[in-house]
Amino acid sequence: FQKTVDAIGEVSIKKAGQEQELPADPPVKLRNNWFARPYEMLTTMYGLPTYHDIDPTFIVSLVYSVLFGLMFADLGQWVALALFGYFFMYKRKGMAIGNILARAGFFSALFGLLFGSVFGYEHVLDPLFHALGFAEKPFDVMAATSVNTIRFGSVAIGVTVVSLAIGTGIYSKLRRHMVGEALTSSNGVAGLIFYW
């Protein structure tokens, strides 16, 4: 066997006078850590990354979990959600989304603790915060003074997520030696600067 790569990236295999063209992109198997592995379901829903691209599963797992936690911040409901998701949906019914709910629910608990929310009651954890030496809960989402923090924080999170997505696209284009597209396309450096 003799394997060569021609100018356009096609792989040729020569075997005893025969030549066979193979596609340049080999099959892809995603490899992620224990936390991100269930989120491969969301990544593959939109298509697998090519061999030379970045596997976005870990980024998806963090962004999805944090945004879910911010949206559904409640310490008490997390317990119900995580137990139902993991033990009933994932273990009993075999639904992969149950494993994702258990992980995203953990972030709901963290933000629920930060915001002081338990089953929709916003002041149940006040004695805990007083015992820890806080005058009040770390962040009161219902206070009028929190409106601008929430508004600007939402914009900052959105800009960060979009910039991260464009940045991974730029990196992937550079790895494939598509320098012109990485610099000048709408999803390249020029597009990122225009977006900012």
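Okay, here's what the table says:
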quantity: Any pair with Cβ under 8 angstrom, 6 or more apart, that starts in region 161-180 at a residue that is in contact (Cβ under 8 Å) with a residue 12 or more places away in the chain and ends at one that is small (G, A, S) and in a helix (DSSP H, G or I); calculated: I166/G191; I170/A182; K173/A182
quantity: Residue ID - nearest to the chain's Cα centre (by Cα), chosen from residues in region 105-114 that are more than 12 Å from Q77 (Cβ to Cβ) and touching a residue at least 40 places away in the same chain (Cβ under 8 Å); calculated: F107
quantity: Filter pass, G188 being farther than 23 Å from L67 by Cα and of a type outside the set (D, E, K, R); calculated: yes
quantity: Within region 24-48, tally of residues that are open to solvent by less than 40 Å² (accessible area, probe 1.4 Å) and in contact (Cβ under 8 Å) with a residue 40 or more places away in the chain; calculated: 4
quantity: Selection status of V124, closer than 15 Å to Q77 by Cα and in contact with a strand residue (DSSP E or B) (Cβ under 7 Å, 6 or more places away or on another chain); calculated: yes
quantity: Filtered residues of region 69-83 (kept if crowded, with 19+ Cβ neighbours inside 10 Å, under 20 Å from the mean Cα position of the chain (by Cα) and not aliphatic (A, V, I, L, M)); calculated: G69, W78
quantity: Subset of region 154-174 (residues that are touching a helix residue (DSSP H, G or I) at 6+ places or on another chain (Cβ under 9 Å) and not hydroxyl-bearing (S, T, Y)); calculated: I157, V159, V161, V162, L164, A165, I166, G167, G169, I170, K173, L174
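Conditions (1) touching a helix residue (DSSP H, G or I) at 6+ places or on another chain (Cβ under 9 Å); (2) closer than 21 Å to G153 by Cβ, marked per residue:
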{"position": "V28", "(1), (2)": "no, no"}
{"position": "N33", "(1), (2)": "yes, no"}
{"position": "L48", "(1), (2)": "no, no"}
{"position": "M71", "(1), (2)": "yes, yes"}
{"position": "F84", "(1), (2)": "yes, no"}
{"position": "N99", "(1), (2)": "yes, no"}
{"position": "S108", "(1), (2)": "yes, yes"}
{"position": "G112", "(1), (2)": "yes, yes"}
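The values are calculated or read from the model by the stated rules, or taken from the named source; none is laboratory data. All figures in this text were calculated on a predicted structure; none of them were measured in a lab. FYI the Cβ positions are ideal-geometry reconstructions off the backbone, even for glycines, and counts take in every protein chain you see. Calculation scope for accessible area: heavy atoms of the full protein, side chains included, ligands and nucleic acids excluded. Shrake-Rupley method; radii C 1.70, N 1.55, O 1.52, S 1.80 Å.
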